[in-house]
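Let me begin by presenting the structure, written as C-alpha cells, before commenting on it.
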Amino acid sequence: MSGDRLLAIVGPTASGKTACIDIAIFALAAASGRPGGPGVAPRRIWFVVDRRVIVDAVYERALQLARKLDEAKDGVVYEVADRLRKLGDSDKQGGRALTAHLLRGGDYRDDAWARSPLQPAVISSTVDQFGSRLL
C-alpha cells in the first residue's frame with residue numbers, strides 16, 4: 001500500500017533476516033542525501049520476534065553495528081555514520097550515529113529508545129514487549 005511504512009520480512013531460520021538491519025541503516029543514510037530526504041526511510045528499525053535468544057542476538061548485532069559506525073575514520077562506513085549523525089540527535093546521544101535498544105521481559109525498563117524520535121535506532125524486542133511498550 002502506498003504511503004505505508006510498515007514492512008514485515010518473513011523467512012525461514014538462517015535465511016539472513018538479521019542482515020536486513022544493515023541494509024535498512026544503509027538505506028536510511030543513502031536516503032538522507034536525496035530529494036525528499038530521510039522521510040523515505042524509517043529512522044527506527046524494529047526487529048520483533050517471539051524468541052528471547054534471537055532478540056538478544058539481534059541486539060548484540062545492532063550494538064556491534066553501532067560501534068563500527070562510531071569507530072569509522074574514513075570510507076563508506078564513515079560516510080554512513082556521518083549522515084546518520086546529521087539526521088539524528090547525536091549531540092544528545094554522545095555523538096552516536098546509531099543507538100541500539102533491547103526490549104524484553106526480565107530486563108530493567110529503559111525508555112531511552114523513545115526519548116528522541118530523530119535518532120536512528122535499532123530496537124530488538126519480543127512480541128509481548130513490543131505491544132506492551134507501544135501501549
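The values are calculated or read from the model by the stated rules, or taken from the named source; none is laboratory data. As the structure is a prediction and not an experimental result, all values here were calculated from the model. Neighbour counts run over all protein chains shown; Cβ positions are idealised from the backbone, glycine included. Ligands, DNA and RNA are excluded from the accessible area calculation, which covers all protein heavy atoms including side chains. Shrake-Rupley method; radii C 1.70, N 1.55, O 1.52, S 1.80 Å.
Heavy-atom accessible surface of TRP113, to the nearest 10 Å², is about 30 Å², with a 1.4 Å probe and all protein chains retained.
Local charge for VAL10 was computed over the other residues whose Cβ lies under 15 Å away, with Lys and Arg +1 and Asp and Glu -1, and equals +1.
At 1.4 Å probe size, what's the solvent-accessible area of LYS68? Round to the nearest 10 Å². My reading of the accessible area for LYS68 is about 120 Å². For ILE45, the residues whose modelled amide H falls within less than 5 Å of its own, excluding neighbours fewer than 5 places apart on the same chain, are ALA121, VAL122, ILE123. At the residue level, SER15 shows approximately 70 square angstrom of accessible surface with a 1.4 angstrom probe and all protein chains present. Heavy-atom accessible area, probed at 1.4 angstrom with all protein chains present, ranks TYR78, TYR59 as TYR78, TYR59, highest first.
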